[in-house]
1. Find out how many positive minus negative residues lie around T301, taking Lys and Arg as positive, Asp and Glu as negative, among other residues whose Cβ is under 11 Å from that of T301.
2. What value, in deg cm²/dmol to 500, does the helix sum -39500 (n - 2.57) over DSSP H runs of n ≥ 4 give at 222 nm once divided by the residues of the chain?
3. Over the stretch 301-364, with the other protein chains present, what is the accessible area per residue in square angstrom, probe 1.4 angstrom?
4. Of the trypsin sites (Lys or Arg not before Pro) in the stretch 203-262, which ones lie in a loop per DSSP and count no more than 16 other C-beta atoms within 10 Å?
5. For q values of 0.32 Å⁻¹, compute log₁₀ I(q)/I(0) with the Debye formula on a Cα-only model of the stretch 156-195, without solvent.
6. So how do S194, S20, S288 rank on accessible area, 1.4 Å probe, biggest first, that is with the largest at the start?
7. Please report the base-10 log of the normalised intensity I(q)/I(0) for the stretch 111-203, using a Debye sum with one equal scatterer per alpha carbon and no solvent, at each q in 0.16, 0.21 (1/Å).
8. At a Cα cut-off below 15 Å, give the aspartates and glutamates reachable from K25, other chains included and same-chain residues fewer than 8 away excluded.
Amino acid sequence: MNIMWKGKKMWQEKLSQPFSVTEEKTKRWLFLAIVVLYLTYFFRGLRSVWWYGYFNYTNNWMHGFIPRGLWGTILRLLCGNQTPSDHMLVLLQYGIGFIFGIYICTVLYRLIYKDGSLTAFLLFAIFSASTFNMFYMTELGFLDHVIYLLVILHIEISLRTDWRKSLAVGAILSVIFPWILETSAFLMCPVVVSICAIRMMEEKNLGFKSICVRLILAFLPTLVGIVVYRSMTVDEGSLNALAQEMQGRAFFDNNYLSVFNTFSEINLYNITPKCWVYIPPEVVIYASVVIGLLGLFLMNTRCNVRTMLSAMLLLIATSIVSYLTIYFGADYHRYYFSTVQAPMLIGIYLLQRHRSEHLTRMQGLLAGIICLLIILPIWDYRLWFWNQIYKDFWFESLFQRWGILG
């Protein structure tokens, strides 16, 4: 009996230890494994540069107001009031997409190679092998990519500064977001607001009422900017002048020209549904897994109850708000993607904010088993992008050319 008691006590002690690894060799192999998993799926969704991306990067305000023209205006001014060259536009679109992937690899380095966090490994393993990781690069040339870089800029600033600077930078960026892409008011602004709120909740000297007042004052200009943006009219002469200016460019074709017809109205591509829009249960499951894992992680941190509950509510809210963008745009799968991507971005902040804290081994093992049981039945679920299927693994065509694959 004594031996059994000692054995039971030993296992209890082991299972109560942090869900992490400390051996350098193990951390190195885990880091390499997750980076390979992440990048092979990340590049699987890669698409080539296309006319819509060229339009997003050249649309500008030099001839008058046009929706989504801020980014193209900035690029043009940086090029001496000239339209960027075709080669530069290609490099920018690929580069901005790749920078996000590099950032995620940097986060993995910090959390897994440096800290040995198995919680981060589990969460990123689920996300990396999912359709949501692949979908990111199908958006090549979309203005979403530009704003995602600004979101991770805010995450890094929030990790390194106090709540005042986090709030100030978040407020400034949120004002800019809708002028680059109007749907970012639903897709990215809530992420920034959530990070600011969580950062403030961590301050014991700030009361709940004080935090709410500060958030309202900080992000009121964003709401005003959205109202102003929606009320501005588009000048037909501006559209015609821009179209004529681009006629000599290699990327100019009928597809590029057709976009101008939609920009004659501020309500771009809006086919607002009159009923509840279907959301695939697989999307709900993936979002729930991400939120659930992060909630379990928060329970094991030094966060007070107020911060933990607020963070959970914000994770759920950002996911729901991202889905509701369906009522303001037609690209449904972009919003299904953001339903998972939004809480994932907040999770990137939370995991790095509490890098030294971990689940227990018991919690980690149970969470891993439950996640596998939930995810495996829907493992082959894929978001579709305008009826285009995802490409094969990025290296398959190369291997086929070499004769390695049939």
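1. Working: positive: R302, R353, R355; negative: E202, E357.
Here the charged neighbours net out to +1.
2. Rounded to the nearest 500, it is -21500 deg cm²/dmol.
3. For the stretch 301-364, the per-residue accessible area is 34 Å².
4. Working: sites: K204, K209, R214, R230, R249; in loops: K204, R249.
Those that pass, being in a loop and sparsely packed, are K204, R249.
5. -1.04
6. Highest to lowest solvent-accessible surface, that is S288, S20, S194.
7. With one equal scatterer per Cα and no solvent, log10 I(q)/I(0) is -0.81, -1.11.
8. Reachable aspartates and glutamates: D115.
The values are calculated or read from the model by the stated rules, or taken from the named source; none is laboratory data. Every value quoted in this text rests on a predicted model; they were computed, and no experiment measured them. Positions of Cβ are generated from backbone atoms using ideal geometry, with glycine treated the same way; all protein chains shown enter the neighbour counts. Only protein heavy atoms, including side chains, enter the accessible area calculation; ligands, DNA and RNA are left aside. Shrake-Rupley method; radii C 1.70, N 1.55, O 1.52, S 1.80 Å.
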